[in-house]
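Novice: Okay, here's the structure, questions in a sec.
The values are calculated or read from the model by the stated rules, or taken from the named source; none is laboratory data. Here the structure is a predicted model, which means the values were calculated and not measured. Every residue, glycine among them, receives a Cβ derived from its backbone with ideal geometry; neighbour counts consider all protein chains shown.
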Amino acid sequence: MIDLSVDLGFLKLRNPVLVASGTFGYGLEFRPFVNLNRLGGIVVKGLYFEPREGNPPPRLAESASGLINAIGLQGIGARAFCEKVLPRLARVKAPIIVNVCGETDEEYLAVIDYLNRYDRIAAYELNISCPNIRAGGRCPALSPDSTHSLVKLAKAAARRPLITKLSPNVTDIVSVARAAEEAGSDAISLVNTLLAMAVDVETRRPRLANVLGGLSGPAIKPVALRMVYQVASQARIPVIGMGGIMTGRDALEFMIVGARAVEVGTANFIDPGASIRIVGEIEAFCREKKTGRVEEIIGTLVTD
Amino acid sequence: MLKDPEALIVRKETWGEYCLLALHSPRLARTAKPGQFLMVRVSDQPYPLLRRPFSIHARERNRLEIFFSKVGTGTAILAERNPGETLDILGPLGKGFRIARKKQTGGTAFLVGGGRGIAPLYFLARELRSRGVRPRIFYGGKTESHLPLLSKLAAQGFDVFVSTDDGSLGFRGFIGPMLERELARWLSASRRGPAVRQPEIFACGPDAMLKGVAGIADRYQIPAQFSLEAIMGCGIGACWGCVKRIKQAGRTGWVKICEDGPVFKNSEIVWEDA
C-alpha cells in the first residue's frame with residue numbers, strides 16, 4: 001500500500017494531485033468522468049464578488065502543444081457559488097479551494113469576507129496573476145511590492161489558509177515568491193499562464209478578440225518546471241507546481257524539483273479523467289520504485 | 001455524457017475534402033439525439049492538443065457517424081484515420097434540437113444546411129420523419145462537388161432542394177434566397193389547402209448563412225432552431241471558451257455553446273456582424 005498523502009502543513013491532502021482553477025469549472029461539470037472524492041483537492045474557477053461577463057469571443061487559440069486562452073474570468077460570482085454550487089459539493093471528500101479574484105484590493109477583501117462564512121471551503125488561492133483582465137496583461141503578481149501589499153491585506157482578512165498563485169510573466173520569480181512569503185502567504189502555487197498571442201495571417205487579425213491571452217499546456221512545462229524549481233529551492237512555505245502536466249511523470253518532475261503538490265489544468269480539457277489517471281500513474285511509479293510514501297520523492301533532484 | 005476511449009472506426013467514405021466516419025460505440029449511441037455532438041481526439045500526440053467537436057451525423061444501432069470537411073490540422077489528421085483503428089471520443093454532448101416527443105403527423109420542417117452544416121440534419125430528418133413530420137431539406141454548397149451527401153439524402157426519399165454559389169447544380173446563389181422562394185410557395189399552397197401545422201425551420205452552417213435564415217424565419221414568423229459552431233476547448237462546460245451572445249430569461253450574455261447549446265432558438269441568438 002503506497003501512502004500518497006502529502007502534508008502542506010495547514011492542509012493534509014489525500015494525494016498530491018489537485019485540479020487547477022479555470023480548468024475544472026466549479027467541479028460539478030466533471031462528475032460524469034471523475035470520482036471527486038479521489039482528488040487531492042479541487043481549486044474551483046476564479047470568483048469575483050459579482051458575476052462576471054468575461055471577454056468577447058474568440059477566446060481560444062490552439063498553438064503547437066498549447067492552448068492560448070482569454071476567457072476573462074467569466075463566472076457566476078461568490079454569492080451564486082456559495083449558495084448554489086457549494087451545497088452540491090458538500091459531500092465531496094476532496095478539499096475545496098476557492099480561487100479568489102478582484103479588480104481592486106477592496107474586491108479581493110469583499111470576496112474573502114463573504115467566503116469566510118462558508119465552512120466547506122478549505123483554503124483560498126489568491127489569483128493575483130490572471131493575464132486576461134487588465135490591458136496589456138497587467139496584474140499584481142508582476143511586482144514584488146504589489147504582491148506583498150495585496151497578500152498582506154488578504155492574509156489579514158482570510159480565516160483560512162492562503163495560497164498565492166504567481167505569474168510566470170516576470171523577470172525574477174524568486175523575488176515575487178519571497179514577497180508573498182514575507183507577507184504571510186501559507187503556500188505558493190505557480191505558474192499561471194504565459195502571456196501570449198497568435199495571428200491569423202489571412203486576415204492579419206489577432207486570433208483572440210482580447211489580442212493577448214495566456215498560454216498553457218505541454219508547451220509551457222519546461223518553463224513552469226524551471227520556475228517551480230527556482231522558487232522551491234528558496235521558499236520556506238510549501239510550493240504547489242503546475243504548468244502543462246499531462247501525465248504522472250510530468251507531475252513527478254515537479255515534485256522532484258520541490259513541489260509538495262501539483263495542479264492539473266489544461267489536461268482536464270482533453271481528458272476529463274486526466275487528474276485521476278495521473279494519481280494512478282504516480283502510484284504505479286512509487287510501486288515500481290519501491291517508494292512507500294510519495295512525500296519521499298519531494299525535492300530529490302540530483303544535481304551532482 | 002460518456003467517454004469511449006476505443007470507438008472502433010468501422011466505415012469511412014471520402015469525397016475530396018469531405019469525410020464520413022462510422023464509429024462503433026454502443027454506450028454513446030444509446031442516448032444520442034439529433035443536434036448533439038462528439039468531442040474527438042484526432043491523435044494521441046500533443047499536437048493538435050485539443051479534441052475536435054463534430055455533430056452527430058447519424059445513429060445506426062450501435063454506431064455513430066460523423067461527417068466533416070478538412071479545414072485545418074485536426075480534421076486533416078482525422079481524415080487519415082482508417083477502419084480498424086480506434087478513436088477516443090466523448091459524447092453525446094450538448095442539448096441538441098428540441099423536437100416534440102409525440103407524433104406530429106402532417107407536420108412540415110424546413111432543414112437548412114450549408115456545407116458541412118448538413119451533418120446533423122440527416123440524423124434530425126430521420127428522427128422527424130419517424131414522428132410523422134415531413135422534412136424538406138435545403139442543401140447548399142460552393143459547387144456541385146461540395147454536396148457529397150446529396151445522393152444519400154435522395155436515397156432516403158427526402159425532398160431535397162439544392163443550391164450552389166456558382167450554379168453548377170440546382171439553384172444558383174446562396175441557400176437563403178432559395179429557402180425564401182420555396183417557403184413562399186409552400187405557404188401560399190398551404191393557405192389554399194386544409195389547415196396545416198405550423199412548420200419549423202432547423203438550420204446549421206456558417207454564422208453568416210444562419211443570420212440570413214434567421215431574417216427569413218422572422219419575416220415569415222416561423223419558429224427556427226439553429227445549431228451554432230464555435231472554437232471549443234473541452235466540450236463539457238469547463239473552459240468557457242466557446243461562448244456566443246445569447247438572450248435567455250430576459251438576460252443577454254456570453255453563453256457556452258457546448259453546454260447550453262449548440263442548438264438555440266432564433267429568438268435567443270444575438271447575431272453579431274457576421
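Every residue, every condition in (1) within 11 Å of chain B (Cβ to nearest Cβ); (2) outside any loop (DSSP other than H, G, I, E, B); (3) out of contact with any Asp or Glu (no Cβ under 7 Å at 6 or more places or on another chain); (4) without any contact (Cβ under 8 Å) to a residue 40 or more places away in the chain, yes or no:
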site: A:210; (1), (2), (3), (4): no, no, yes, no
site: A:220; (1), (2), (3), (4): no, yes, yes, no
site: A:225; (1), (2), (3), (4): no, yes, no, yes
site: A:258; (1), (2), (3), (4): no, no, yes, no
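Novice: Which number in (1) more than 18 Å from residue B:109 (Cβ to Cβ); (2) free of Cβ contacts under 8 Å to residues at least 12 places away in the same chain; (3) small (Gly, Ala, Ser) marks the one condition that residue B:157 misses?
Specialist: (1)
Novice: Which of the residues that make up the stretch A:50-87 are among the aliphatic types (A, V, I, L, M) and more than 20 Å from the chain's Cα centre (by Cα)? Before you say what the answer is, go through the steps one by one.
Specialist: Taking the stretch A:50-87 as the starting set, the residues that turn out to be among the aliphatic types (A, V, I, L, M) are A:60-61, A:64, A:67-68, A:70-71, A:73, A:76, A:78, A:80, A:85-86.
Listed by number, the residues that qualify are A:61, A:64, A:80.
Novice: Could you tell me which of the residues A:282, A:240, A:245, A:278 is within 14 Å of another protein chain (Cβ to nearest Cβ), within 30 Å of residue B:232 (Cβ to Cβ) and buried (at least 20 other Cβ atoms within 10 Å of the Cβ)?
Specialist: Working: A:282 fails: within 14 Å of another protein chain (Cβ to nearest Cβ); A:240 fails: within 14 Å of another protein chain (Cβ to nearest Cβ); A:278 fails: within 14 Å of another protein chain (Cβ to nearest Cβ).
Just one listed residue meets the conditions, A:245.
Novice: What is the residue count in the stretch A:187-202 for residues that are farther than 21 Å from residue B:242 by Cα, among the hydroxyl-bearing types (Ser, Thr, Tyr) and not in a strand (DSSP E or B)?
Specialist: Residues flagged as farther than 21 Å from residue B:242 by Cα, among the hydroxyl-bearing types (Ser, Thr, Tyr) and not in a strand (DSSP E or B) within the stretch A:187-202 amount to 0.
Novice: Would it be correct to say that residue B:253 is free of Cβ contacts under 8 Å to residues at least 12 places away in the same chain, over 29 Å from residue B:130 (Cα atoms), buried (at least 23 other Cβ atoms within 10 Å of the Cβ) and within 14 Å of another protein chain (Cβ to nearest Cβ)? It would help to see each step written out before you state the result.
Specialist: Numbers: free of Cβ contacts under 8 Å to residues at least 12 places away in the same chain: yes; over 29 Å from residue B:130 (Cα atoms): yes; buried (at least 23 other Cβ atoms within 10 Å of the Cβ): no; within 14 Å of another protein chain (Cβ to nearest Cβ): yes.
So residue B:253 does not fit the description; no.
Novice: Looking only at residues that are β-branched (Val, Ile, Thr) and surrounded by 23 or more Cβ atoms within 10 Å (Cβ to Cβ) in the stretch A:27-49, which one is nearest to the chain's Cα centre (by Cα)? It would help to see each step written out before you state the result.
Specialist: Within the stretch A:27-49, the subset β-branched (Val, Ile, Thr) is A:34, A:42-44.
Narrowing further to those that are surrounded by 23 or more Cβ atoms within 10 Å (Cβ to Cβ): A:42-44.
Details: A:42: 10, A:43: 7, A:44: 9 Å.
Only one residue tops the list, namely A:43.
Novice: Next question, about the same structure. Suppose we filter A:273, A:214 for residues that are modelled with pLDDT of 95 or more, within 14 Å of chain B (Cβ to nearest Cβ) and surrounded by fewer than 22 Cβ atoms within 10 Å (Cβ to Cβ); which single one remains?
Specialist: Of the residues listed, the single one that is modelled with pLDDT of 95 or more, within 14 Å of chain B (Cβ to nearest Cβ) and surrounded by fewer than 22 Cβ atoms within 10 Å (Cβ to Cβ) is A:273.
Novice: Quick one: which strands (runs of 3 or more DSSP E) lie wholly within the stretch A:3-120 and hold at least 3 residues that are in contact with a helix residue (DSSP H, G or I) (Cβ under 8 Å, 6 or more places away or on another chain), touching a residue at least 40 places away in the same chain (Cβ under 8 Å) and more than 14 Å from chain B (Cβ to nearest Cβ)? So that I can check it myself, show each step before the final result.
Specialist: Values: elements: A:17-19, A:41-47, A:60-63, A:66-69, A:96-100.
Ranges flagged: A:96-100.
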